[in-house]
Every structure is written in structure tokens, then in C-alpha cells.
Amino acid sequence: AIEKYWREGVKASRLSLPEALEKVRPAVKQVSRLDAAAILADVHLHEHDYEERGISEFQKILNEDPENAAAHRGLGYAYYNRHDFDVAMPHLDKAAQINPKDWQVHYYEAVLLGQKNSVSALEEMELAKMEKEARQVVELNPGFAAGYGLLGFALMSQHKRAEATFAYEKALSLNPANEIDTLNLAELYSLQNRPDKAKPLFMALQNSSNQTIATAARSHLELMK
């Protein structure tokens, strides 16, 4: 079937669209040289063969303008992708300081804190910062399910079970297919002696294609017997 599809090549299709009801007038503004350079560097950063070039271009921008939020954000993202906490976090902190309304910067910071080490190795201040950043994410982008999942994780790690439960419920209302969030919510229900809520979730996860999740769910179901 794949070979047949490949040999047939691309087929042109025509689709009639209704006339636009609104007359859209795009806003136009002058872009500075460094802003244009930052946009190009970001493009390079997301191309596998040009990643190093993008990093180099962001560094050149910061040499000219140490307060350039886009360059700090770009470098923070680059090293976030490499799970390099010590290099990424200062850039993300600076980007958030310059542009506190950038929800993605707060998201990268919260994820990095969660990935830094095991939860047991995170200090109280780091967990509090993770919670703070996750709260910023959901405040700035309330439709982003992963933000609520991160918030739930930060709260759960601090034993704030009721708040964590609400965060995970919100995450799953936005993205019901997330099995990690489902497992964490089921475990929270168990910890709060709410088996009527926990059991259906564990039953749904026991046949997951993710063996770690499936094993955890089956173990909980055995304990509930």
C-alpha cells in the first residue's frame, strides 16, 4: 500500500472556500536588524543540521545586546533541548525577567526543574520555583494541558494533594489521552482514600502499550483487592 501510494505521486485537489466574512488588515511594523537576526537564528535552531549555527547566531546577538529577550529565550531553549540545566536556566531566567508574559519560557523552566534530577533530590526552593513557573504557564495559556500537568506534578511532589488533584483533573479535561497524568491522578485519588475514582482510571491503564504504566496500574489494582 505504501509503495502504491508512493508511485502514484501527489494528486492535486481543489476545495471551494466560502468568502471571508471579515476584511482582515494585517498590521505592519518595522523590524530591527537584531530582531530579524533572532528570527533567523530561531529557524536555524529548529533545523537539525543548523542547530549549532543558530546557537552561534544567538550568542552574537547577545554580544551586541545583552538584554535581547529573544536571544536568551533561544539559547535557553537550545540547552533545554539538550537537558543542560546549568547553561539553560540562566538564559531562561533572563528571558522571563525581560519578557514575563512569555509562557513558553516559564514552561521550559518548569520542565527543566522537573528533569534536573529525581524529585527526592529537588530542594524545597526548587519545587516552589517549579510550582511558580507552572502557575505562570496556566495563567498565561489556560488552554495548555501540559501546563496543568506540570503544575500537578510540582504540587504532588510537595504533598499538596488536593491542589494537585484539581490540576491533574484540569489537565485531563484538556487532554484525556495523557496516560502519565491519568496515572498520577489515580494515585492521588488512592492517597485520598477515593477508590471509586481511582479504580476506573487504573483499569483503563492496565492494558497500556507503555509497560511501565501498565505494570503500575496492575499493581495498584492488586493492592485494591
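The values are calculated or read from the model by the stated rules, or taken from the named source; none is laboratory data. The structure displayed is predicted, hence computed values, not measured ones. Glycine also receives a Cβ, built like all others from the backbone with ideal geometry; neighbour counts cover every protein chain displayed. Heads up: the accessible areas ignore ligands, DNA and RNA and are worked out on the full protein's heavy atoms, side chains in. Shrake-Rupley method; radii C 1.70, N 1.55, O 1.52, S 1.80 Å.
Per-residue SASA remark: Leu223, around 150 Å² accessible (1.4 Å probe; ligands, DNA and RNA not included). Of the residues Leu172, Leu75, ranked by 1.4 Å probe accessible area with the largest first, the sequence reads Leu172, Leu75.
When the C-alpha to C-alpha distance is required to be over 21 Å, the pairs from Lys170/Lys199; Lys60/Lys94; Lys132/Lys199; Lys60/Lys116; Lys116/Lys199 that qualify are Lys132/Lys199; Lys60/Lys116; Lys116/Lys199. Remark: accessible surface ordering of Ile2, Ile39 (largest first) is Ile2, Ile39, probe radius 1.4 Å. Accessible surface comparison of Ser209, Ser173, Ser190, probe 1.4 Å, protein chains only, largest first: the order is Ser209, Ser173, Ser190. Within the listed set Leu151, Leu15, Leu113, the Gaussian network model of the chain (springs between alpha-carbon atoms below 10 Å) gives the highest mean-square fluctuation for Leu15.
Using a Gaussian network model of the chain with C-alpha springs under 10 Å, which one of Leu112, Leu155, Leu21 is most mobile by mean-square fluctuation? Of Leu112, Leu155, Leu21, the Gaussian network model singles out Leu21 as fluctuating most. Of the whole protein surface, Lys170 contributes about 70 Å² of accessible area at a 1.4 Å probe radius. Average accessible surface for segment 77-225: 53 Å² per residue, computed with a 1.4 Å probe over protein heavy atoms with every protein chain in place. The calculated FRET efficiency for the pair Leu21 and Gln104, based on their C-beta separation and a Förster distance of 35 Å, comes to about 0.65. Pick from Arg53, Arg33, Arg135: which residue has the top mean-square fluctuation in a GNM of the chain where Cα pairs under 10 Å get a spring? Maximum fluctuation in the GNM of the chain, among the listed residues, is at Arg33.
Once Lys and Arg get +1 and Asp and Glu get -1 on their Cβ, which of Leu62, Gln115, Met156 lies farthest toward the positive end of the dipole of the chain? The residue sitting farthest along the positive end of the dipole is Met156. Accessible area per residue was computed with a 1.4 Å probe on protein heavy atoms; Asp93 scores about 60 Å². Here each label is just a point 7 Å from Cα along the line to Cβ, and for Glu169 and Gln192 those points are 0.6 nm apart.
Each Lys and Arg Cβ is given +1 and each Asp and Glu Cβ -1; about its Cα centre, the chain then shows a dipole of about 820 debye.
What does the C-alpha gyration tensor say about the overall shape of segment 170-225? Classify as rounded when a/c is under 1.5, otherwise prolate if a/b is larger than b/c, or oblate. Each step should come with its number before you reach the end.
Working: a/c = 2.12, a/b = 1.11, b/c = 1.92.
Here segment 170-225 falls in the oblate category.
Oblate is the label for the chain, because the ratio a/c of its alpha-carbon gyration tensor axes (a ≥ b ≥ c) is 1.5 or higher and a/b is not greater than b/c. Annotation for Asp49 and Glu3: the two label points, set 7 Å from Cα along the Cα-Cβ direction, are 3.0 nm apart.
Hey, any idea what % of the chain's accessible area is carbon plus sulfur with a 1.4 Å probe?
The nonpolar share, carbon plus sulfur, comes to 54 percent.
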